[in-house]
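Asker: Please find one structure pasted underneath; my questions will follow.
The values are calculated or read from the model by the stated rules, or taken from the named source; none is laboratory data. From a predicted model like this one, the values you see are computed outputs, not experimental measurements. In this analysis, Cβ positions are derived from the backbone assuming ideal geometry, glycine residues included, and neighbour counts consider all displayed protein chains. Quick note on the areas: whole protein, heavy atoms, side chains included, nothing else; ligands and nucleic acids left out. Shrake-Rupley method; radii C 1.70, N 1.55, O 1.52, S 1.80 Å.
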Amino acid sequence: MTITAVGTIAYDSISTERGKRNYILGGSATYFSLAASGLAKTNLVSVVGEDFKSSHRALFSKNSINIENVSTLAGKTFHWEGFYDETGNAETIVTDLNVLQSFNPILTDSSSRAPYLFLANIDPDLQLDVLRQMQKKPKLIVGDTMNFWIESKNSSLWQVISQLDFLIINEGEAQLLTQESNIIKASHYILNKGLPALIIKRGAYGSLLIKKDAYFAVPALPIENVTDPTGAGDSFAGGFFGYIASPTAFTDLAPEITFKKAMLMGTVMASFTVEHFGVEGIQAVSHEERIHRFRTLENMMQLINIS
Ligand code: AMP
């Protein structure tokens with residue numbers, strides 16, 4: 001089944017312990033759609049500038065990602081510059097919104113009727129705009145955000161959150177959003193606003209699915225060569241939502257089990273992304289590679305057969 005996803009397409013300049021790259025393809029919608037593409041069809045809603053390369057446009061098409069709803073506007077593509085310290089913490093150096101500032105998404109009829117909606121990290125006012133354009137209430141709405149929008153568009157962001165089924169957010173962002181340092185308290189603060197469930201991403205420490213009365217934890221896959229953490233969260237979201245929207249997801253499983261397995265697939269897709277700079281690790285993952293890491297993670301989480 002199809003996911004309509006709104007988010008950024010970016011040129012990123014990234015500095016990590018492993019080196020530096022300038023103006024490489026990135027953006028929340030880019031990582032999300034590449035991670036989801038092997039699992040479900042994705043309609044991308046985004047904007048690029050006149051500088052956007054045709055080879056990058058071709059990469060989306062090669063991965064069967066529908067880019068009919070990607071506008072090209074006069075000006076430059078969104079640009080983000082980030083620096084990661086030795087512990088993997090990101091610091092934003094520059095956020096050049098560029099064409100994002102004049103973007104008004106207009107969804108095609110079929111995108112506005114998709115059964116699944118993902119609101120990737122982008123201006124919450126654009127997330128609200130896309131929500132308003134959905135002609136049929138989606139079966140599931142999942143959203144993401146980051147510090148930049150928590151600080152600059154707080155009230156729009158809370159309006160978005162109130163309409164989500166799942167919020168996917170990292171630990172530091174949940175603390176910033178709620179002003180609570182304890183992550184369980186922060187989660188309950190968000191859940192008390194009416195959201196059914198949330199997923200807290202904890203980088204190398206894995207992720208947590210939190211509902212009012214239930215917790216589920218998934219460790220990260222053990223990766224020796226973490227080259228560039230950029231896009232790990234968006235790739236997690238792509239694997240998670242791609243699994244839910246894949247044709248076989250709910251056929252023989254209870255919804256709760258599907259959501260748990262989807263968290264494993266999110267973890268798997270994030271693991272491919274962090275091994276290389278930019279989208280290099282996620283742009284051509286085979287079915288076999290995906291399944292191999294999924295089984296590895298399942299085995300890591302197995303309680304039986306342990307003496
Ligand atoms: P992640 O590492 O998964 O949190 O996402 C990294 C991606 O988010 C990068 O490719 C950036 O281009 C993109 N990004 C950075 N800042 C923003 C922002 N303020 N809004 C939307 N996307 C952003």
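Asker: Under 17 Å Cα-Cα from LYS201, which lysines qualify once same-chain neighbours fewer than 8 residues away are excluded?
Answerer: Here the lysines satisfying the reach criterion relative to LYS201 are LYS185, LYS211, LYS260, LYS261.
Asker: What FRET efficiency comes out for the pair GLN133/LYS53, r = Cβ-Cβ distance, R0 = 25 Å, nearest 0.05?
Answerer: 0.30
Asker: Put a dot 7 Å past each Cα toward the Cβ at ASN299 and HIS188; how far apart are the dots in nm?
Answerer: A separation of 3.9 nm, rounded to one decimal place.
Asker: Sequence gap at least 6, Cα distance under 8 Å: using those rules, report the relative contact order of region 2-301 to the nearest whole percent.
Answerer: Relative contact order here is 18 percent.
Asker: With n ≥ 4 as the cut-off for DSSP H runs, can you work out [θ] at 222 nm for the chain, using -39500 (n - 2.57) per run divided by the number of residues, rounded to the nearest 500?
Answerer: -10500 deg cm²/dmol
Asker: Assuming a ≥ b ≥ c are the square roots of the Cα gyration tensor eigenvalues, decide whether region 2-301 counts as rounded (a/c under 1.5), prolate (otherwise, with a/b larger than b/c) or oblate.
Answerer: It comes out rounded by the Cα gyration axes.
Asker: Calculate the FRET efficiency for GLN163 and ILE223 from the Cβ-Cβ distance with a Förster distance of 35 Å, rounded to the nearest 0.05.
Answerer: The calculated FRET efficiency here is 0.50.
Asker: Highest mean first, what order results for 225-232, 181-188, 286-293, 32-39 on Cβ atoms within 10 Å?
Answerer: Packing proxy ranking, top to bottom: 32-39, 225-232, 181-188, 286-293.
Asker: On to the next question. Report ³J(HN,Hα) in whole Hz for each residue of region 144-159, in order, from the Karplus equation J = 6.51 cos²θ - 1.76 cosθ + 1.60 where θ = phi - 60°; Gly and Pro get x.
Answerer: Values per residue, Gly and Pro as x: 9, 7, 7, 2, 3, 7, 4, 7, 9, 9, 4, 6, 4, 4, 5, 5 Hz.
Asker: Please sort by residue number the trypsin sites (Lys or Arg not before Pro) in region 198-253 whose DSSP state is loop and whose Cβ has at most 14 other Cβ atoms within 10 Å.
Answerer: Those satisfying the criteria are LYS212.
Asker: Looking at region 130-181, which trypsin sites (Lys or Arg not before Pro) are DSSP coil and have at most 16 other C-beta atoms within 10 Å of their C-beta?
Answerer: Of the trypsin sites (Lys or Arg not before Pro), the ones in loops of region 130-181 whose Cβ has at most 16 other Cβ atoms within 10 Å are LYS136, LYS139.
Asker: Next up: Report the paramagnetic label zone for VAL94: residues of region 1-35 whose backbone N is under 12 Å from a point 7 Å from Cα along the Cα-to-Cβ axis.
Answerer: It comes to 11-14, 22-24, nothing else.
Asker: Would you mind computing, in nm to one decimal, how far apart the modelled labels at LYS260 and ILE291 are, each placed 7 Å from Cα along Cα→Cβ?
Answerer: If labels sit at LYS260 and ILE291, their model points lie 2.2 nm apart.
Asker: Next up: Can you tell me the length gained on complete extension of the stretch SER155 to GLN101, counting 0.36 nm per residue apart and subtracting the Cα distance?
Answerer: Residue separation times 0.36 nm, minus the Cα-Cα distance, leaves 17.6 nm.
Asker: Distance between Cα centroids, region 1-80 to region 170-221: provide it in whole Å.
Answerer: Region 1-80 and region 170-221 have Cα centres spaced 27 Å from each other.
Asker: Out of the total accessible area of the chain (probe 1.4 Å, heavy atoms of protein only), what percent is carbon and sulfur?
Answerer: Reported share for carbon and sulfur atoms: 50 percent.
Asker: For LEU303, LEU44, write out the residues from largest to smallest accessible area, computed with a 1.4 angstrom probe and no ligands counted.
Answerer: Sorted by accessible area, descending: LEU303, LEU44.
Asker: Here's another thing I want to ask about it. Full extension from ASP125 to TYR215: what is 0.36 nm times the residue separation minus their Cα-Cα distance, to one decimal in nm?
Answerer: Going from the current span to full extension adds 29.3 nm.
Asker: Something else now. For region 150-229, which GluC sites (Glu not before Pro) pass both filters: DSSP loop (anything but H, G, I, E, B) and at most 12 other C-beta atoms within 10 Å?
Answerer: Loop-located and lightly packed - GLU224.
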